[in-house]
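Novice: This is the structure, below, for whatever I ask next.
The values are calculated or read from the model by the stated rules, or taken from the named source; none is laboratory data. All figures in this text were calculated on a predicted structure; none of them were measured in a lab. Positions of Cβ are generated from backbone atoms using ideal geometry, with glycine treated the same way; all protein chains shown enter the neighbour counts.
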Amino acid sequence: MDLKLNLDLVSGYKSNSQKARILTQSWIEENMYCPICSSDRLQPTTEGTPTIDFICPDCIEPFQLKSQNHSFGKKIVDAAYQPMVQSIKRGSVPNFFFLHYDATSWEVKNLLSIPRYFFNHSIIEKRKPLSQSARRAGWIGCNILLGNLPDDGKIPIISSSHPLNCQDVRKQWKRFAFLYEIKPEYRGWTVDVISCIRKIPTNTFNLADVYSFEKYLAKLHPNNKNVRP
Ligand SMILES: [Zn+2]
């Protein structure tokens with residue numbers, strides 16, 4: 001894995017955001033393997049394919065790439081809110097790559113992956129509509145709340161300029177692949193419960209420890225009247 005972005009590709013471009021889009025897309029194309037199957041490459045989709053940037057030629061899993069020039073905080077700004085909510089409902093959200101690059105050295109610093117079965121309503125935050133003076137007045141975007149995801153759903157591929165072993169990354173992806181089998185409408189509940197259990201600091205826990213999250217879970221799932229059972 002070569003962490004340098006190929007600046008030859010963008011010699012004619014002035015805008016840094018355009019440069020970043022081309023450089024990071026081509027970096028994935030050149031360097032990234034499929035974290036799900038044994039394919040050593042991912043295929044870019046044709047320009048304009050909404051929400052999907054890459055497809056694995058072997059297992060046909062879809063991936064979306066989001067890049068930024070600063071490290072990942074608790075939330076990541078994403079695209080439109082309503083289509084995201086709809087695709088979570090339908091179970092058609094792609095897998096995600098979050099890529100952090102350095103805009104001075106033009107190198108990949110961190111690459112984080114999130115399997116699509118970890119996406120649920122609890123990690124999507126509705127943003128304020130754009131103001132009346134904006135070009136797209138009234139448009140509503142969303143944030144992805146990384147802080148609400150259990151660590152099991154945030155799988156690093158490159159961490160502080162250090163690429164992780166690809167077999168270890170694939171093993172991590174497999175650990176929670178059983179969530180694929182759960183219907184999209186119930187998956188969110190399962191992921192949120194895992195997230196709560198992961199917050200318990202000890203290796204063993206009892207029911208009382210889990211009940212301490214009752215209020216939190218009730219807030220995330222207002223329609224669920226059976227949180228405690
Ligand atoms: Zn694959």
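Novice: Could you grab me the full set of residues in the stretch 171-198 that are touching a Ser or Thr at 6+ places or on another chain (Cβ under 8 Å) and assigned to a loop (DSSP other than H, G, I, E, B)?
Specialist: 182
Novice: In addition: Can you confirm whether residue 36 is of a type in the set (Val, Ile, Thr), out of contact with any helix residue (DSSP H, G or I) (no Cβ under 9 Å at 6 or more places or on another chain) and surrounded by 15 or more Cβ atoms within 10 Å (Cβ to Cβ)?
Specialist: Taking the combined requirement at face value, the residue does not satisfy it.
Novice: List the residue pairs whose Cβ atoms are under 7 Å apart, where the first residue sits in the stretch 76-95 and is within 18 Å of residue 128 (Cβ to Cβ) and surrounded by 17 or more Cβ atoms within 10 Å (Cβ to Cβ), the second is hydrophobic (A, V, I, L, M, F, W, C) and at pLDDT below 90, and the two are 6 or more positions apart or on different chains.
Specialist: Matching pairs, first to second residue: 78/84.
Novice: When you check residue 45 against the structure, is it modelled with pLDDT of 95 or more and farther than 30 Å from residue 189 by Cα, yes or no?
Specialist: So residue 45 fails the test.
Novice: Of the residues 110, 95, which is away from the ligand (no atom under 16 Å from the Cβ) and of a type outside the set (Ser, Thr, Tyr)?
Specialist: 110
Novice: Which of the residues that make up the stretch 31-49 are more than 10 Å from the ligand (Cβ to nearest atom), under 27 Å from residue 141 (Cβ atoms) and over 16 Å from the mean Cα position of the chain (by Cα)?
Specialist: The answer is 44, 45, 46, 47, 48, 49.
Novice: Could you give every pair whose Cβ atoms fall below 8 Å, whose first residue belongs to the stretch 33-44 and is within 17 Å of residue 111 (Cα to Cα), and whose second residue is within 9 Å of the ligand (Cβ to nearest atom) and among the small types (Gly, Ala, Ser), counting only separations of at least 6 or pairs across chains?
Specialist: 33/39
Novice: May I ask you to say which residue of 22, 60 is touching a helix residue (DSSP H, G or I) at 6+ places or on another chain (Cβ under 6 Å) and either of a type in the set (D, E, K, R) or surrounded by fewer than 16 Cβ atoms within 10 Å (Cβ to Cβ) (or both)?
Specialist: 22
Novice: Scanning for something within 14 Å of the ligand (Cβ to nearest atom), among the hydroxyl-bearing types (Ser, Thr, Tyr) and at pLDDT 95 or above, does the stretch 13-30 turn up at least one residue?
Specialist: No, the conditions are met nowhere in the stretch 13-30.
Novice: Here is a follow-up. Only residues that are over 13 Å from the mean Cα position of the chain (by Cα) and free of Cβ contacts under 8 Å to residues at least 40 places away in the same chain: list them for the stretch 112-163, please.
Specialist: Residues satisfying the conditions are 128, 129, 130, 131, 132, 133, 134, 135, 136, 137, 138, 162.
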